[in-house]
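Here's the structure, in structure tokens; my notes come after.
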Amino acid sequence: LFDISRVSEDANQINLHLPFNLAGKTRLTVRTANGTVSSDLDVAPVAPSIFLDAGGAAIAERADGSVISDNSPLRPGETVSLLMTGLGSVAGPAVAGRAPAAPLPVSATVNVSVSGQPATLISATLDSGYPGLYRVVFQVPASIQSSAMVQVTAAGAASNTAKLPITN
């Protein structure tokens, strides 16, 4: 039995943050005033996923916090902070459902590719801003001259791919 932290909910959805040490087959039971429902889950220790905007582009920021978009694209060689979830355990004390006081390094080996080309990884951390939010900071390869697809792998597990607006 594990305690699971509820991050948010509305009439149609419940967002949960699972404990970092929960992996394998488990049963999730949700009890509400309207009744109880259970479902079997297969929880992977790492399941990376890039957060996307409504148009399918990666939610990403520059070092100054400005958001990357078609109207404000990256330049080749620029550093970008990609917002993600599912990178698994971290080096340091982390409690499910709570953002750490300071960013904590991801335990898994993380790699980033942009249009199939390896990018220079700067850091991969559990962010201190919101529970379950990870930041993967990397440098866009100088050879990438236009919008490209970005993908992250963690412990060999691949994320979804997402558009990364880039212009020369």
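The values are calculated or read from the model by the stated rules, or taken from the named source; none is laboratory data. Note that the structure is a prediction, hence the values are computed from the model and not measured. Reconstructed Cβ throughout: ideal geometry from the backbone, glycine too, with neighbour counts over all protein chains shown. Quick note on the areas: whole protein, heavy atoms, side chains included, nothing else; ligands and nucleic acids left out. Shrake-Rupley method; radii C 1.70, N 1.55, O 1.52, S 1.80 Å.
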Rel. contact order, % - alpha carbon contacts under 8 angstrom, at least six apart, region 71-113: 35
For the chain, with +1 on Lys and Arg beta carbons and -1 on Asp and Glu, the positive-most of G86, I122, L28 along the dipole: L28
Apportionment of accessible area to carbon and sulfur, region 39-121, percent (1.4 Å): 54
Rounded Å value of the spacing that divides the Cα centres of region 115-129 and region 47-114: 7
Stokes-Einstein translational diffusion, region 41-168 - Kirkwood Rh over all Cα pairs, 1.567 mPa s, 4 °C, in µm²/s: 89
Average accessible area per residue (Å²) across region 36-121 - probe 1.4 Å, nucleic acids and ligands excluded: 52
Trypsin sites (Lys or Arg not before Pro) restricted to region 13-100 and DSSP loop, no more than 15 other C-beta within 10 Å: R62, R98
Charge dipole magnitude, Cβ of K and R +1, D and E -1 - region 1-152, Cα centre, debye nearest 20: 300
Kirkwood-based shape ratio for region 52-126, expressed as Rg/Rh from alpha carbons: 0.98
Potential lengthening between Q13 and Y130 on full extension [0.36 nm per residue; Cα-Cα distance subtracted]: 40.3 nm
